[in-house]
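**Q** Please read through the structure below; I'll follow up with questions.
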Amino acid sequence: MAKLYFRYGAMGSSKTANAVMVQYNYRERGCEVLMLKPKLENRDGATIVRSRCGLEAQCRFVEELDGIDLTNIACVIVDEAHFLTREQVKKLVDIVDERDIPVICYGLRTDFRGELFEGSRELLCWADTIEEIKTICWCGRKATFNARVQDGHIVREGEQILLGGNSQYISLCRKHWRSGELGAFKNLNLED
């Protein structure tokens, strides 16, 4: 029986690398996989998902889902799932329940303000299995928050979505996210 999975983690926790590896495992066994991402996420090119460690895969857009033939698909993998809309999550639920195809979603749980993204909120409500992908703060504790950094300081206000990676965000434990302590990153020029 297929399930809807939500695998979430802070930035830099290897979510995309995990997604590409899962795709590889399915394909290695002769199975067709549909890799998706929201159109909004275009940092690595329109139809590419790429991890920080260099793993990459071709993908399609979640917005194209209605026009994609799922007949021979063994698994659907969605990267950057926090950017999904409520309606898109419900389409993924339908794929699991009506087509008996597993759907594995990877994304952030919260934004830089500590607030849920729409897609994350819906996945937390609808997923059969919720799994955390862990990474660490500069202090060694588990990182659970994504800090937006500008000019060596944590930014607490602004638009929820500002695409960026290591140049604008770092993962912190709750304590250091709340206090604004960047530790070893304080003097690091994140723009490079």
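**Q** Restricting to the stretch 105-146, name every residue that is among the charged types (D, E, K, R) and not in a loop (DSSP other than H, G, I, E, B). It would help to see each step written out before you state the result.
**A** From the stretch 105-146, those among the charged types (D, E, K, R) are 109, 111, 113, 115, 118, 121-122, 128, 131-132, 134, 141-142; that's our starting set.
Result: E118, R121, E122, E131, E132, K142.
**Q** Any residue at all in the stretch 175-183 that is aliphatic (A, V, I, L, M), at pLDDT 80 or above and in contact with a Cys (Cβ under 9 Å, 6 or more places away or on another chain)? If you could, list the steps in order and put the result at the bottom.
**A** Our first condition is that a residue be aliphatic (A, V, I, L, M); within the stretch 175-183, this holds for 182.
Restricting the remaining residues to those that are at pLDDT 80 or above gives 182.
When the remaining residues are screened for being in contact with a Cys (Cβ under 9 Å, 6 or more places away or on another chain), the result is none.
No, the stretch 175-183 contains no residue that is aliphatic (A, V, I, L, M), at pLDDT 80 or above and in contact with a Cys (Cβ under 9 Å, 6 or more places away or on another chain).
**Q** For K134, state whether it is open to solvent by 10 Å² or more (accessible area, probe 1.4 Å) and either in contact with a Lys or Arg (Cβ under 9 Å, 6 or more places away or on another chain) or among the polar types (S, T, N, Q) (or both). So that I can check it myself, show each step before the final result.
**A** On the way: open to solvent by 10 Å² or more (accessible area, probe 1.4 Å): yes; either in contact with a Lys or Arg (Cβ under 9 Å, 6 or more places away or on another chain) or among the polar types (S, T, N, Q) (or both): yes.
For K134, the condition - open to solvent by 10 Å² or more (accessible area, probe 1.4 Å) and either in contact with a Lys or Arg (Cβ under 9 Å, 6 or more places away or on another chain) or among the polar types (S, T, N, Q) (or both) - is met.
**Q** Hey, can you tell me all the residues within the stretch 14-39 that are assigned to a loop (DSSP other than H, G, I, E, B) and either in contact with a Gly (Cβ under 7 Å, 6 or more places away or on another chain) or under 16 Å from L123 (Cβ atoms) (or both)?
**A** P38
**Q** L92: outside any strand (DSSP E or B), over 29 Å from I154 (Cβ atoms) and in contact (Cβ under 8 Å) with a residue 60 or more places away in the chain, yes or no?
**A** Numbers: outside any strand (DSSP E or B): yes; over 29 Å from I154 (Cβ atoms): yes; in contact (Cβ under 8 Å) with a residue 60 or more places away in the chain: yes.
Yes, satisfied.
**Q** Here's a follow-up. In the list L108, L124, L172, which residue meets the criterion of being at pLDDT 90 or above and farther than 28 Å from L65 by Cβ?
**A** Criteria check complete, one pass: L172.
**Q** Mind checking which residues of the stretch 52-88 are of a type outside the set (V, I, T), at pLDDT 95 or above and part of a strand (DSSP E or B)?
**A** A74, C75
**Q** Let me ask something else. Considering only residues that are open to solvent by 30 Å² or more (accessible area, probe 1.4 Å) and either at pLDDT below 95 or not acidic (D, E) (or both), which ones fall in the stretch 89-98?
**A** So in the stretch 89-98, the residues open to solvent by 30 Å² or more (accessible area, probe 1.4 Å) come out as 90-91, 94, 97-98.
Those that are open to solvent by 30 Å² or more (accessible area, probe 1.4 Å) and either at pLDDT below 95 or not acidic (D, E) (or both): K90, K91.
**Q** Being more than 25 Å from R86 (Cα to Cα) and either aromatic (F, W, Y) or surrounded by 19 or more Cβ atoms within 10 Å (Cβ to Cβ) (or both) is the filter here, so list the residues in the stretch 18-49 that pass it.
**A** Y24, Y26
**Q** I would also like to ask the following. Within the stretch 73-117, work out how many residues are out of contact with any helix residue (DSSP H, G or I) (no Cβ under 6 Å at 6 or more places or on another chain) and under 28 Å from S179 (Cβ atoms).
**A** Total meeting the criteria: 7.
**Q** Within the group G114, G140, which residue is open to solvent by less than 40 Å² (accessible area, probe 1.4 Å) and more than 30 Å from T71 (Cα to Cα)?
**A** So the residue among G114, G140 that is open to solvent by less than 40 Å² (accessible area, probe 1.4 Å) and more than 30 Å from T71 (Cα to Cα) is G114.
The values are calculated or read from the model by the stated rules, or taken from the named source; none is laboratory data. Please read these numbers as outputs of a predicted model, since none were measured by experiment. Methodologically, a virtual Cβ is constructed for each residue, glycine included, from the backbone with ideal geometry; neighbour enumeration extends over all protein chains shown. Remember, those area values only see protein heavy atoms, side chains included, never the ligands or the DNA or RNA. Shrake-Rupley method; radii C 1.70, N 1.55, O 1.52, S 1.80 Å.
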